[in-house]
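Scroll down for the structure; my scribbles are underneath it.
The values are calculated or read from the model by the stated rules, or taken from the named source; none is laboratory data. In this text the structure is predicted, and so the values were computed from the model without any measurement. Neighbour counts run over all protein chains shown; Cβ positions are idealised from the backbone, glycine included.
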Amino acid sequence: METKQTLMEPLLESAEAYGRTGMDVIKLKVVDKSAAVTTSMVTYSLFTIIVSLVVFTLNIAIALWLGELLGKTYYGFLVIAACYALAGIILLLIHPFIKSRVSNAVIRQLLNGYQSCKQFKHPQI
């Protein structure tokens, strides 16, 4: 009976180490994927902020220029506001298309590593 128990102990220890290793690999893959998504989001956010500031500055310049051409400064700002109203209406109409494309892109990026997780082969004991 004691020999069976001594034979089982290394087997149980190996199985426990095998389970811990598998969990560690899964944790590392989750951390890697989370870091990749977060980095992408931060990069795109910073890019969006910079582009927004440039567009904002250009809009003021264009509004002042149009106002000078039209005779009153506020006419230029009204024209720019009308352009933004039109752009807002167009975005409202195509919102479902944009939402599905962005959702699919995020899901695709998150699940990109899923295939490599499925192909992971545990080491033989």
Within the range 6-19, can one find any residue that is at pLDDT 85 or above and of a type in the set (S, T, N, Q)? no
Reported set for the range 36-52 where residues are without any contact (Cβ under 8 Å) to a residue 24 or more places away in the chain and surrounded by 11 or more Cβ atoms within 10 Å (Cβ to Cβ) is Met41
Residues in the range 1-59 that are more than 30 Å from Tyr84 (Cα to Cα) and of a type in the set (A, V, I, L, M) total 16
**Message:** Any residue that is free of Cβ contacts under 8 Å to residues at least 60 places away in the same chain, farther than 17 Å from Val106 by Cβ and surrounded by 11 or more Cβ atoms within 10 Å (Cβ to Cβ) - is there at least one of those in the range 19-35?
**Reply:** yes
| message | Quick check on Ile80: is it closer than 30 Å to Ser14 by Cβ, among the aliphatic types (A, V, I, L, M), modelled with pLDDT of 85 or more and over 16 Å from the mean Cα position of the chain (by Cα)? | response | no
Note on the range 70-104: residues farther than 27 Å from Ile60 by Cβ and of a type in the set (Ser, Thr, Tyr) are Ser100, Ser103
Only one of Leu91, Leu58, Leu64, Leu53 is assigned to a helix (DSSP H, G or I), more than 33 Å from the chain's Cα centre (by Cα) and of a type outside the set (Val, Ile, Thr), namely Leu64
